[in-house]
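*Asks:* This is the structure, below, for whatever I ask next.
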Amino acid sequence: MRIGELARATGTTARALRHYEQAGLIRSERAGNGYRDYDGQTATRVRNIRHLLDAGLTLEDVSAFAACLDGDLAAGTPSDRGRRIALDRLAVLDQRIARQLAARNRLAAALGLRESTPDTAN
């Protein structure tokens, strides 16, 4: 499939696909006319890459999960490096949430509203 077809099938852009290819996460063959040609399995790989990026990982982080990208990502067992990366990103997200919650509570207090905890934040 050509790059435009893959972009449409995965809800991403041709630019992002070229970036993933440059990072070594996906591969294409070149047709006689120079166009990129991707196999059908690449769509699954791209969706999994997007899933990891949406979860807060960087493109460099995603490379640690390369062995899991072609199938059911949730069913795959990450490498030790992949697990460490995920735990580090989770800690960063927890810190960001705590800072945002503290900012929210300061604003709520200034407005005379009740504070929020992680369980009651909406």
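*Asks:* Condition test on R36, is it among the charged types (D, E, K, R) and in contact (Cβ under 8 Å) with a residue 12 or more places away in the chain?
*Replies:* yes
Yes/no per residue for (1) touching a His at 6+ places or on another chain (Cβ under 8 Å); (2) among the polar types (S, T, N, Q); (3) farther than 20 Å from T44 by Cα:
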position: T58; (1), (2), (3): no, yes, no
position: S63; (1), (2), (3): no, yes, no
position: D70; (1), (2), (3): no, no, no
position: A74; (1), (2), (3): no, no, no
position: G82; (1), (2), (3): no, no, no
position: I85; (1), (2), (3): no, no, yes
position: R104; (1), (2), (3): no, no, yes
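*Asks:* Continuing with this model, one more query. Looking at the range 65-92, which of its residues are among the β-branched types (V, I, T) and either under 20 Å from Y20 (Cα atoms) or in contact with a Leu (Cβ under 7 Å, 6 or more places away or on another chain) (or both)?
*Replies:* I85, the sole residue that qualifies.
*Asks:* Continuing with this model, one more query. Take the conditions modelled with pLDDT of 90 or more and touching a helix residue (DSSP H, G or I) at 6+ places or on another chain (Cβ under 7 Å) and apply them to A7. Does it pass?
*Replies:* Yes.
*Asks:* Next question, about the same structure. Can you pull out every residue in the range 29-43 that is at pLDDT 95 or above and polar (S, T, N, Q)?
*Replies:* T42 - this is the single residue of the range 29-43 that is at pLDDT 95 or above and polar (S, T, N, Q).
*Asks:* Only residues in the range 73-101 that are on the phi < 0 side of the Ramachandran plot and without any contact (Cβ under 8 Å) to a residue 60 or more places away in the chain count as the first member; pair them with residues that are in a helix (DSSP H, G or I) and among the polar types (S, T, N, Q), Cβ under 6 angstrom, at least 6 apart or cross-chain, and list the lot.
*Replies:* Pairs that qualify, where the first residue is on the phi < 0 side of the Ramachandran plot and without any contact (Cβ under 8 Å) to a residue 60 or more places away in the chain and the partner is in a helix (DSSP H, G or I) and among the polar types (S, T, N, Q), are L73/N48.
*Asks:* In the range 17-122, which helices (runs of 4 or more DSSP H) lie fully inside it and hold 2 or more residues that are surrounded by 10 or more Cβ atoms within 10 Å (Cβ to Cβ), hydrophobic (A, V, I, L, M, F, W, C) and touching a Cys at 6+ places or on another chain (Cβ under 8 Å)?
*Replies:* none
The values are calculated or read from the model by the stated rules, or taken from the named source; none is laboratory data. Computed from a predicted structure; not experimentally measured. Methodologically, a virtual Cβ is constructed for each residue, glycine included, from the backbone with ideal geometry; neighbour enumeration extends over all protein chains shown.
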